[in-house]
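The values are calculated or read from the model by the stated rules, or taken from the named source; none is laboratory data. Given the structure is predicted, the values throughout are model-derived calculations rather than measurements. Neighbour counts are summed over all protein chains in view; Cβ atoms, including those assigned to glycine, are modelled from backbone coordinates with ideal geometry.
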């Protein structure tokens, strides 16, 4: 029986996690790690006395830690086979597209923007590959079996009831 999105997959379910999902998770975790490294660099620069009158190195570093930590968590979740990490991963990639475009063309730093765009498209391709989509939808498939915790009241609403239980 497939695990629900909220629980940790069992070892047998982990074996069924597609390679594309694990690869995408690793790439997204790498993005989160890069953001955290940038935060460390910003704090070191602020401590060293870098000019802070235009932007706050500490505030920007805090933003990078929060966002980078969330992206890292989403990537790590995908590597471990937890479906909730995919939402964070997709949103991060979509937000990086205009950033990469602006970096490449508006800032004339094609050496950085083009590789970033390629990285983002590759990650999105892995996240939306057929095997990844099958894995994602497997926990929500109609034939996945009934959820023992779900109580939708369908039997009482249709005038039915439990035939084994006397009324």
Return yes or no: is residue 23 in a loop (DSSP other than H, G, I, E, B), on the phi < 0 side of the Ramachandran plot, surrounded by 13 or more Cβ atoms within 10 Å (Cβ to Cβ) and under 22 Å from the mean Cα position of the chain (by Cα)? no
Buried (at least 18 other Cβ atoms within 10 Å of the Cβ), touching a helix residue (DSSP H, G or I) at 6+ places or on another chain (Cβ under 8 Å), part of a helix (DSSP H, G or I) and touching a residue at least 24 places away in the same chain (Cβ under 8 Å): is that true of residue 71 in this structure? yes
Tally time: how many residues in region 41-90 are at positive phi and within 8 Å of the chain's Cα centre (by Cα)? 0
Of 157, 138, 144, 92, which residue is over 20 Å from residue 68 (Cβ atoms) and either surrounded by 14 or more Cβ atoms within 10 Å (Cβ to Cβ) or modelled with pLDDT of 95 or more (or both)? 138
